[in-house]
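Input: a single structure, listed below in structure tokens.
Derivation of every value follows stated rules applied to the coordinates shown; laboratory data play no part. Just so we're clear, the structure is a prediction, and the values are computed from it rather than from any experiment. As a convention, Cβ positions derive from the backbone with ideal geometry for all residues, glycine included, and neighbour counts pool all protein chains shown.
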2 protein chains.
Amino acid sequence: MKLSEVGEFGLIDRLGALLGEPPEGETWIGDDAAVLRAPGGTILFTADLLVEGVHFDLAWTSPQDLGYKAVAVNCSDVAAMGGTPRRALVSLGVRQGIELAFLEDLYAGMRECSDAFGMAVVGGDVSRCDQLVVSVALLGNPAGRRVIERRGARPGDAICVTGTLGGAAAGLRLLKAGQPVPPALRAAHLRPVPRVREVEVLRRFLPNAMIDVSDGFAADLGHICDASGVGATVDAGRLPLIDAAGLPAGLDPLELALGGGEDYELCFTIVAERAEKAASEVEARTGTRVHLVGEVTEEAAGRVLVVDGVAQPLPGAGWDHLRP
Amino acid sequence: MKLSEVGEFGLIDRLGALLGEPPEGETWIGDDAAVLRAPGGTILFTADLLVEGVHFDLAWTSPQDLGYKAVAVNCSDVAAMGGTPRRALVSLGVRQGIELAFLEDLYAGMRECSDAFGMAVVGGDVSRCDQLVVSVALLGNPAGRRVIERRGARPGDAICVTGTLGGAAAGLRLLKAGQPVPPALRAAHLRPVPRVREVEVLRRFLPNAMIDVSDGFAADLGHICDASGVGATVDAGRLPLIDAAGLPAGLDPLELALGGGEDYELCFTIVAERAEKAASEVEARTGTRVHLVGEVTEEAAGRVLVVDGVAQPLPGAGWDHLRP
């Protein structure tokens, strides 16, 4: 069967079934990072492969930006489990035309992100390749043994999201179109900030479920719903959208937020009574706003978006790296 | 500067200098795996990137073989630190023409190696790519806090090597030439056996330094010498070579052993008085022979190969993945 027929998520399901059964206390696939038990506690382990022409375009991505983002997106996966990133290995596939100065700048970008979030790239591998490939594997620690998985959402939980949604997708589309890009949208695409500090505050409030917004808010909230067996009602008016002013026609902030992806904000669910307090603490300590955007419902209630008081199905299939 | 001018090892040195300083008790680069401290003990962390056309050719490599080898070479790195492989993530770059059945077979090969050595692949990432790329990151545990590094060799140590040298390179050259390949040489190239079980026995005898033979015996012993600040004298007559009978003209077993690479045997140094006992215990418990092939000397004595009683410089520069 062709991979385009199976799709990225179908493929992950098919291959995941071949891995075997994790022992008690470990979770291997289906979340932002694998959860492993080691003699001294729990380890979070995640990997991301970035491929030139698929995940990045050097026409508008500097090597520093690429290095920064490669580390940042992996830090985001560990943060989304409630953890702190610690050590990474980076394997590089290097094509013709990539010279030493490029790789030194790439490393400078990796170092910049690593230093900002208290972790370190400790080595890796390098090979010739026809395309530039950056493969990162990252270890992290949760606080104690508690990890925040996708599967913990309960009906009645508040649905919350950090920061702003849709900026990365808007920035990418403007860059692709060769149009002027407001600095905030450029940064959202090229320099996403992993919400590591926010999680350090947030995890004390015991969120029930969490994911980072990499596939688009609708798809990622959908992953929480799938894993938790719940539904969700989202109030479109509460979603933290980018400003429509200055966006070219055809770019709709709500669509970008729901389906755009790569925001690397955190979407989490939390017992409703603790939501306001958690949001205000995160903002007070990190400066990052947390928005209460909806409510977890029973599964049978489905996934609903309320726009101007009118309920509709939550749209947004998300991004599939195997479908062109 | 062009990467071909710097070379693989030069590049690793240049980039390694940009990583920062490891904290006390950690070793980041310069060995088979990074040594990290975690709350409950020491972690070994290693990564290898396999690229189609550079590291493997699907003309003679089945997807099962590729999956097996991708896991095996990483297990070998952990074994070479005196450790036990535990958990891996595998990121795949998948080109046009690779279908689901291929990836399922690749996973079956990964599983076969994982099951054989008590570890598990627990997930990873997948992306489109122009070339097939298999990127593995592996975690392992040493026995207690003791790891066996390259830098511990001391003058007077015996130099030992497991198994047979040169078989993988001979197998590869015959496959490339389209010539008949004896099964043992084909297996040496396509299905290298990581010496995980041998290390479980060997580490009780406290080797001073160890490396796996991936670049060729001469180059890998050279890495031990570089890291330890020692010299080495190797007796060519004691090296465990492949049988010259059946090899085509132009393939010399000694050259293949010294410079061929990818044998994934262990080369270690050990206090001379314990060498025979360690060798016989490993053989008794695993069936794998261990050969005493030389002696560690003072650095000033250089790197010497004794052939039929005549000393000469130890040849063999090893394999550089960045030089065509």
Counting trypsin sites (Lys or Arg not before Pro) as exposed when in a DSSP loop with at most 15 other beta carbons within 10 Å, what is the longest stretch of chain B free of them? B:147-288
Rounded to whole Å and sorted largest first, list the principal axis extents of the Cα atoms in chain B. 55, 55, 49
Take chain A, connect every pair of alpha-carbon atoms lying under 10 Å apart with a spring to form a Gaussian network, then pick out the residue of A:Ala219, A:Ala120, A:Ala101 with the largest mean-square fluctuation. A:Ala101
Take B:Ala116, project a point 7 Å from its Cα along the Cβ direction, then tell me which residues of segment B:262-281 have their backbone nitrogen under 17 Å from it. B:262-266
Inter-copy spacing of A:Gly53 label points, which lie 7 Å from Cα along Cα→Cβ, given in nm from shortest upward: 1.0
For segment A:146-190, what are Rg and Dmax over the alpha carbons, in angstrom? 16.0, 45
For segment A:292-315 and segment A:117-139, what is the separation of their C-alpha centers, rounded to whole Å? 40 Å
Computed over the Cα atoms of segment B:91-227, what is the convex hull's projected area averaged over all directions, in nm²? 11.0 nm²
Restricting the calculation to Cα positions, tell me the Rg (one decimal) and the Dmax (whole number) of segment A:16-56 in Å. 13.5, 41
Would you please give the residues with an amide H less than 5 Å from that of B:His55, counting only those at least 5 places away or on a separate chain, with H modeled from the backbone geometry? none
Summed residue charge, Cβ within 11 Å of B:Ala72's Cβ, Lys/Arg positive, Asp/Glu negative: -3
log10 of Debye I(q)/I(0), alpha-carbon scatterers only, for segment B:172-321 at 0.09 Å⁻¹: -0.29
What are the ³J(HN,Hα) values, in whole Hz, obtained from phi via the Karplus relation 6.51 cos²θ - 1.76 cosθ + 1.60 with θ = phi - 60°, for each residue of segment A:12-24 in sequence order, with x given for Gly and Pro? 4, 4, 5, 6, x, 5, 8, 7, x, 9, x, x, 3
Among B:Cys129, B:Cys160, B:Cys267, determine the one that fluctuates most according to a GNM of chain B built with springs between C-alpha atoms less than 10 Å apart. B:Cys129
Taking 1 over the mean of 1/r across every pair of different Cα atoms in segment B:173-254, what Kirkwood radius in Å do you get? 15.4 Å
Can you give the convex hull volume per residue for the Cα atoms of segment B:203-245, as a whole number of Å³? 110 Å³
Which distance in Å, rounded to a whole number, links the C-alpha centroids of segment A:161-206 and segment A:1-74? 20 Å
Rounded to the nearest 500 deg cm²/dmol, what is the calculated helix-only ellipticity per residue at 222 nm for chain B, with -39500 (n - 2.57) per DSSP H run of length n ≥ 4? -10500 deg cm²/dmol
Binning every alpha carbon pair distance of segment A:42-147 at 10 Å from zero, what are the percents per bin? 16, 49, 26, 8, 1
Using θ = phi - 60° and Karplus 6.51 cos²θ - 1.76 cosθ + 1.60, couplings along segment B:198-207 (whole Hz; Gly, Pro as x): 4, 5, 4, 7, 4, 5, 5, 8, 6, x
Relative contact order of chain A: what whole-number percent is it, with Cα pairs under 8 angstrom and at least 6 residues apart? 21 percent
Quick P(r) readout (the protein assembly as shown; Cα-Cα; 20 Å bins; whole %) gives 19, 50, 24, 6, 0
Pairwise label distance in nanometres, B:Ala187 with A:Ala101, each label 7 Å out on the Cα-Cβ vector: 5.2 nm
Hey, which residue of A has the C-beta nearest the axis mapping A onto B, and what's the distance in Å? A:Gly40, 1
